[in-house]
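Below: one structure, written as structure tokens.
Where a number appears in this text, it was derived from the coordinates with a stated rule and is not lab data. Note that the structure is a prediction, hence the values are computed from the model and not measured. Cβ placement follows ideal geometry from the backbone for every residue including glycine, while neighbour counts extend to all protein chains displayed.
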Amino acid sequence: DMGGHDTYMHKEIAEQAEAVDRVLRGRIDDKFATVHLGGLNLDPREARSVRRIKILGCGTSYHAGQIGAQLIEELARIPADAEPASEFRYRNPVVDPDTLYVAVSQSGETYDVLAAVQELKRKGARVLGVVNVVGSAIAREADGGTYVHAGPEVCVVSTKCFTNTVVAFALLALHLGRIRDLSVADGRRIIEGLRRLPGQIDEILKAEPEIKRLALHFADAKSMLFIGRVRGYPVAREASLKLKEVSYIHAEAYPASELKHGPLALVEPAMPTVAIVPDDELLEKNRAALEEIKARSGRILAVAHQEQEKADHTIIVPKNEDELDPILMGIPLQLFAYHTALALGRDIDKPRNLAKSVTVE
Ligand code: M6R
């Protein structure tokens, strides 16, 4: 049942405020400015002894894991990184007893992720799952973890589950941070930010008519560049994947800082750029990148917290805490991908050549 929407993708984008509400519900502990994650299966002493966190997932779940790794480093100061599970399992990785492994999957059935988990467990590693489908293979195989509570996601292209997975990582990061050295004040700041998310998501979704207009404006592009820096980079990668999957327009994501090391050569009027420009400590650096693109007559669509003078168009999103901004900044670009695909007459819920869960090698 699409509840009045023309596609599951549109329905699932529209459901994100309630989905985020669901992942937060019952988990916040205001007294200690922390969160409780029931099934984690990691006591405080174990949580304190983790030296490193390695996050494994594929596609959109991998991108959610990249933001998750940044959240864990920022809030819990534990070195963390994400890697495609599909790469990890083929490279005889060093499995370190002080590393906590986290497997991320919407379906919980992705074979590359499951195989990585099984190999890790065989070698005695501790593996947590951040999974949407309850009781799925990866959820069962993991030592513990947390459910993402996005609800059923039908469209092959993941939207609401991405958002909820990142929120679940914010909860995990906050939990680990408050066991280690995140202050009560910072814990409160993050909790208040998390509580603002559902209202801010609805605010972003109200801009749909404007986003649709922009999508029609850029739908003739053969290729698009997506750029962002640090917190904005995984957002750019995910937005680029969304556009590719659903519209079949070629899109490439690059760290804004790497533009001058190569991709600037591509910039010309026929190659538009989508730039993620949060109001954080890197704002001036990002503005300089926009200037570089403008000087080469590149068309720019910015997603930002305030109007960007160098951009041809700016989609303004509400500001949250710096650490949580990536959760919001990709949402308008889900609608951008959707409306581009709609304008091009694509099969939105079932893009060619793709399956909802890849249960084979
Ligand atoms: O079910 P999973 O999260 O494990 O799936 C992983 C990827 O196959 C998936 O995210 C894929 O990239 C989607 N089509 C993204 O929209």
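Averaging over every viewing direction, what projected area does the convex hull of the Cα atoms of the stretch 1-125 cover, in nm²? With every direction weighted equally, the projected area is 9.6 nm². Among the trypsin sites (Lys or Arg not before Pro) found in the stretch 288-361, those both in a DSSP coil and sparsely packed, with 12 or fewer other Cβ atoms within 10 Å of their Cβ, are Arg352.
Global size of the stretch 158-263: 17.2, 51 Å for Rg and Dmax (C-alpha atoms, Rg to one decimal, Dmax whole).
With a Förster radius of 41 Å applied to the beta-carbon distance between Asp1 and His36, the computed FRET efficiency rounds to 0.80.
Quick one: which of 250-261, 62-73 comes out on top by average Cβ neighbours within 10 Å, and what's the full order, highest first?
Details: 250-261: 17.8, 62-73: 26.3.
My ranking of the peptides, most packed first, is 62-73, 250-261.
From the alpha carbon gyration tensor of the stretch 257-346, can you work out the equivalent ellipsoid semi-axes (sqrt of 5 times each eigenvalue) and give them in Å, largest to smallest?
Equivalent-ellipsoid dimensions as semi-axes: 20, 20, 11 Å.
Counting only lysines at least 8 places from Lys285 when in the same chain, those with an alpha carbon closer than 28 Å to its own are Lys222, Lys242, Lys244, Lys260, Lys294, Lys310, Lys319. Put one equal scatterer on each alpha carbon of the chain, apply the Debye formula with no solvent term, and list log10 I(q)/I(0) at q = 0.06, 0.07, 0.09, 0.15 1/Å to two decimals. Once normalised to I(0) and log-transformed, intensities are -0.20, -0.28, -0.47, -1.32. Sequence-distant contacts, meaning Cα pairs under 8 Å at least 6 residues apart, place the relative contact order of the chain at 19 percent. Treating each Cα of the stretch 210-361 as one equal point scatterer and applying the Debye formula with no solvent, the log10 of I(q)/I(0) at q = 0.09, 0.12, 0.16 Å⁻¹ comes out as -0.26, -0.47, -0.82. Each part reduced to its alpha carbon centroid, the stretch 42-58 and the stretch 141-187 end up 14 Å apart. Restricting the calculation to Cα atoms, every distinct pair contributes to the Kirkwood radius of the stretch 33-187, found to be 15.1 Å. Largest first, the three principal axis extents of the alpha carbons in the stretch 111-151 are 32, 18, 11 Å in whole numbers. Placing pseudo-labels 7 Å out from each Cα toward the beta carbon at Ser49 and Asp98 gives an inter-label distance of 1.2 nm.
Helical runs (DSSP H, four residues minimum) scored at -39500 (n - 2.57) apiece and divided by the length of the chain put the mean residue ellipticity at 222 nm at -13500 deg cm²/dmol.
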